[in-house]
Amino acid sequence: MVGSSIKFRSQLNDRPKYIIKQSNTTPSLFQTMVSCEYVRMLQHRFIDTAKDNPEKLAIADRTTGRDVSFGRALIAAILLARRFRKLERGRLGIMLPTSAGGALAIIGATFAGRTPVMINYSTGAEKNCLYAQKQCDFKKIITARALLEKTGCKALPDMVFIEDILESLSKFEQINALIQSKLPRSWIKKLSGSNDLSKPAVILFTSGSEKDPKVVQLTQRNILSNIDSFSDMMDIYEMDNLLAVLPYFHVFGLTINLWTPLCLGISATTYSNPLEFKTIAKIIKNDKPSLLVGTPLFLEGYARQSDPGDFESVELTVSGADKCPDSLRELYRKKHGLEIFEGYGTTETSPVISVNPRDANRPGSIGIPIPGTSVKIENIDTGEECPPEIIGRILVKGDGVMEGYLNDIEESHLRIKSGWYDTGDLGYLDIDGYLWHKGRLKRFIKVGGEMISLVMVEEILNIATPDNVECCAVELPDAKRGSRIVAVTNSEINQDEVVKRLTKELPNLALPKKYVIVPEFPRMGSGKTDFRSLTELVQGMDADE
């Protein structure tokens, strides 16, 4: 386990700054605020921000061209909360893109005391709607017709369209919401929910890149602790604008792109499709965000569509959700003079577990645990804690860790023991407390009785191929060896040269037995490769031969 010296800031104007040495027993900023009765729910922090800065821009929606101030956002949240209370009890499905409408719907649901169930529309909207309703026991889904048209999803019986709600608002409702927004903040807070940190804040689904998505219910405590710890560690309180393009159905987008700016009073510039690289590169140039957070795929796309000087406003660039390649770091250094700070997290941890500090970046590592979070490395075979530099399972403990999977006691028990969450990832801590990721345990396969890392194969493939070639290694069944490895690229490669390089770097059992081309890799909403779908594609190609 690891500790770090962190300079804490509070967004509370009357709270002094101070230094804390974090250890296994030292509280995080969030824990300190709880003990000092400074804690406020997500919606309560947003209310304070809106009351303090009513005219400040909260959301600049670059998809619709709509700008929303914090004051107007508060009124909209009160209006939507009134409607949402009449639609559903307990949980409410939300399937909306990263936009002003999507943000306001989530805030409104939270104000109404409903738990937003965030539905992934990028990997099969209709299928995911039905799956979410079945797993989470709710009916109504807030969505938009434009999104259904774009995704090819048919309208389901229990869908409610956000545009219909907004168009049907009466003058009485609007005036009533305006009056409520002028009430003392303590009154508005009472109308929007009690100070119960154990209350569910959102329901999300794991990526499903390896098997069916699991249902993750995160509490107010989970998300609030993550916001405070990440914000303090990366010192973002003085920043005024962040780029918000990650989908809200992904925990990275929900915590960092939605609730963090709402709680801290930072303006968020949203755009609904993070894959429109050229458009977003222009948004960065014109809207001048200070904070740029994204996955490696997205960050590379934006940089390649930009010119030197376009990112001059960016103070901090954080990469997460997938391994950051050295070529991407070099691209940002050469083109924009920016250093990428890599972090690590999971849906189950709200999401941030670790990140490289701004004044102590160690490229290649995934940083040090954020305040209030402990990490230990467990031996795969014995379950004992590993010493520094020894690879094992990455286990996490802290306020950001979920209590368990919804309605899945067995899986929850397998993954959480004595408060320690098993990430399913392999890695090690170095002698300075930095965490290094070595791949998913499930992406190890047995070939000829030996355990082979598909991630290791991919790393050598990436070195042996041009920078513009995307590589992946997948497992296919083999009657003789149990499994065989297939190398997948998105374009033609010099196979003879690649084979020569791999033969030098990899043991014989780890060498791909076949090379195939898939021009466009299937993606999850976060931009990560959908390994399950890619494997199915390769299996189909193999069967056709």
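Here are the numbers:
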read-out	value
Only one of T269, T255, T260 that is modelled with pLDDT of 95 or more and more than 15 Å from the chain's Cα centre (by Cα)	T269
Residue satisfying all of: in the stretch 190-205; outside any loop (DSSP other than H, G, I, E, B) and not hydrophobic (A, V, I, L, M, F, W, C); surrounded by the most Cβ atoms within 10 Å (Cβ to Cβ) among these	P200
Some residue of the stretch 390-404 being surrounded by fewer than 20 Cβ atoms within 10 Å (Cβ to Cβ) and more than 23 Å from the chain's Cα centre (by Cα)	yes
Candidates E342, E384, E315 - the one that is more than 24 Å from D240 (Cα to Cα) and of a type in the set (D, E, K, R)	E384
Residues within the stretch 60-72 that are under 25 Å from the mean Cα position of the chain (by Cα) and either within 20 Å of H250 (Cα to Cα) or touching a residue at least 40 places away in the same chain (Cβ under 8 Å) (or both), tallied	5
Residues satisfying the stated conditions in the stretch 338-360, i.e. part of a loop (DSSP other than H, G, I, E, B) and of a type outside the set (A, V, I, L, M, F, W, C)	E339, T346, S350, P351, N356, P357, R358, D359
Extreme residue, surrounded by the most Cβ atoms within 10 Å (Cβ to Cβ), among residues of the stretch 179-189 that are touching a His at 6+ places or on another chain (Cβ under 9 Å) and charged (D, E, K, R)	K189
Any hit, the stretch 164-186, residues being closer than 29 Å to T529 by Cα and outside any strand (DSSP E or B)	no
Qualifying residue in the stretch 407-416 (condition: under 17 Å from Y344 (Cα atoms) and buried (at least 20 other Cβ atoms within 10 Å of the Cβ))	no
Subset tally (residues that are without any contact (Cβ under 8 Å) to a residue 12 or more places away in the chain and either β-branched (V, I, T) or in a loop (DSSP other than H, G, I, E, B) (or both)) for the stretch 361-411	6
Residues (more than 23 Å from the chain's Cα centre (by Cα) and part of a loop (DSSP other than H, G, I, E, B)) located in the stretch 325-337	G337
Candidate set from the stretch 23-52 (those that are over 22 Å from the mean Cα position of the chain (by Cα) and at pLDDT 95 or above); member that is surrounded by the fewest Cβ atoms within 10 Å (Cβ to Cβ)	D52
Strands (runs of 3 or more DSSP E) enclosed by the stretch 438-483 - at least 3 residues per element that are modelled with pLDDT of 75 or more	471-478
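Conditions tested, residue by residue: (1) assigned by TED's automatic domain parsing to the domain that holds L534; (2) among the β-branched types (V, I, T); (3) in contact with a Leu (Cβ under 7 Å, 6 or more places away or on another chain); (4) in contact (Cβ under 8 Å) with a residue 60 or more places away in the chain.
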| site | (1), (2), (3), (4) |
| --- | --- |
| R91 | no, no, no, yes |
| G101 | no, no, no, yes |
| I106 | no, yes, yes, yes |
| T110 | no, yes, yes, yes |
| D137 | no, no, no, no |
| K140 | no, no, yes, no |
| D164 | no, no, no, no |
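The values are calculated or read from the model by the stated rules, or taken from the named source; none is laboratory data. Source: prediction; values computed, not measured. No Cβ is skipped: glycine too gets one built from the backbone with ideal geometry, and neighbour counts run over all protein chains shown.
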